[in-house]
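The values are calculated or read from the model by the stated rules, or taken from the named source; none is laboratory data. In this text the structure is predicted, and so the values were computed from the model without any measurement. All Cβ positions, even for glycine, are placed from backbone atoms using ideal geometry, and neighbour counts span all protein chains on display.
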Amino acid sequence: MPDFNIFSENIYQSREIDEKEFINKAREILRFYLSLPDVYAKCCLNGFVYDTISFDFLYCDSKKTHQINREYRNKDYPADIITFAIFADSDEKIIFDGEINLGEVIIALDKVIEEAGKKDVTKEYELAFLISHGILHLLGFDHQTEEDYNFVIDLQNRALESIGYDKI
């Protein structure tokens, strides 16, 4: 199993989170996904030689995701999560000193709180759910069809179970 360099920054002043705890959860989720042969075979890492996988989390508010959506994605709405999958979406796969940078996951913490209330789950569960979702996007998985959506949601539920969370 490769090393994981996972970085995070919280710029949302109104909500503190235990970044180290969620980095550890992200590490466990990624380890779970990569341990599944069918997932690894379909992900953007398959066929490449590397020692380290890195990616970033940015925690912010929905004003920031709205700004990012407008500026980079031509979408005029706030999002709970935005993923920039650098390695998966690039035609030129760059591996520098044995390290693959998968990209960045941006999560609006105010949306996490809002969605947790709507779904009647804890904020921690909802954040872990979005982290698991973002990691799948970084690995090159999408959900444009109902079949792909069901595949992604099933993987997320299995990943969350693997770190001690029950299904919704």
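Name the residue that is farthest from D91 (Cα to Cα), counting only residues in the range 62-72 that are surrounded by 13 or more Cβ atoms within 10 Å (Cβ to Cβ) and among the basic types (K, R).
Looking at residues that are surrounded by 13 or more Cβ atoms within 10 Å (Cβ to Cβ) and among the basic types (K, R), I get K64.
When you look at G164, is it over 26 Å from Y72 (Cα atoms), in a helix (DSSP H, G or I) and among the small types (G, A, S), yes or no?
In short, no.
I need every pair where a residue in the range 108-120 that is part of a helix (DSSP H, G or I) has its Cβ under 7 Å from the Cβ of a residue that is of a type in the set (S, T, N, Q), sequence separation at least 6 or different chains.
Listed by first residue and then by second, the contacts come to D110/S62; K111/S62; A116/T122.
Identify all residues within the range 121-138 that are of a type in the set (S, T, N, Q) and touching a residue at least 24 places away in the same chain (Cβ under 8 Å); write none if there are none.
Correct list: S132 only.
Residues checked against (1) touching a Pro at 6+ places or on another chain (Cβ under 7 Å); (2) without any contact (Cβ under 8 Å) to a residue 12 or more places away in the chain; (3) of a type outside the set (K, R); (4) surrounded by 15 or more Cβ atoms within 10 Å (Cβ to Cβ):
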residue	(1), (2), (3), (4)
D18	no, yes, yes, no
G47	no, yes, yes, no
Y50	yes, no, yes, yes
C60	no, no, yes, yes
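Hey, among I82, I23, I94, which residue is touching a residue at least 24 places away in the same chain (Cβ under 8 Å) and surrounded by fewer than 18 Cβ atoms within 10 Å (Cβ to Cβ)?
Result: I23 is the single residue among I82, I23, I94 that is touching a residue at least 24 places away in the same chain (Cβ under 8 Å) and surrounded by fewer than 18 Cβ atoms within 10 Å (Cβ to Cβ).
Determine which single condition L136 fails, assuming it passes every other condition in (1) touching an Asp or Glu at 6+ places or on another chain (Cβ under 8 Å); (2) under 19 Å from L45 (Cα atoms); (3) assigned to a helix (DSSP H, G or I); (4) not small (G, A, S).
Failed condition: (1).
Considering the range 1-55 alone, what residues qualify as being among the charged types (D, E, K, R), part of a helix (DSSP H, G or I) and under 26 Å from S90 (Cβ atoms)?
First, pick out the residues of the range 1-55 that are among the charged types (D, E, K, R): 3, 9, 15-16, 18-21, 25, 27-28, 31, 38, 42, 51.
Okay, now just the ones that are also part of a helix (DSSP H, G or I), so 19-21, 25, 27-28, 31, 38, 42.
Hits for the range 1-55 are R27, R31, D38, K42.
Filter the range 15-57 down to residues that are modelled with pLDDT under 95 and in contact with a Leu (Cβ under 8 Å, 6 or more places away or on another chain) and give me whichever is farthest from Y125 (Cα to Cα).
Per the stated criteria, the residue is R15.
From the residues in the range 139-165 that are under 20 Å from A41 (Cβ atoms) and in contact (Cβ under 8 Å) with a residue 40 or more places away in the chain, which one is nearest to the chain's Cα centre (by Cα)?
Applying the filter and picking the extreme gives L139.
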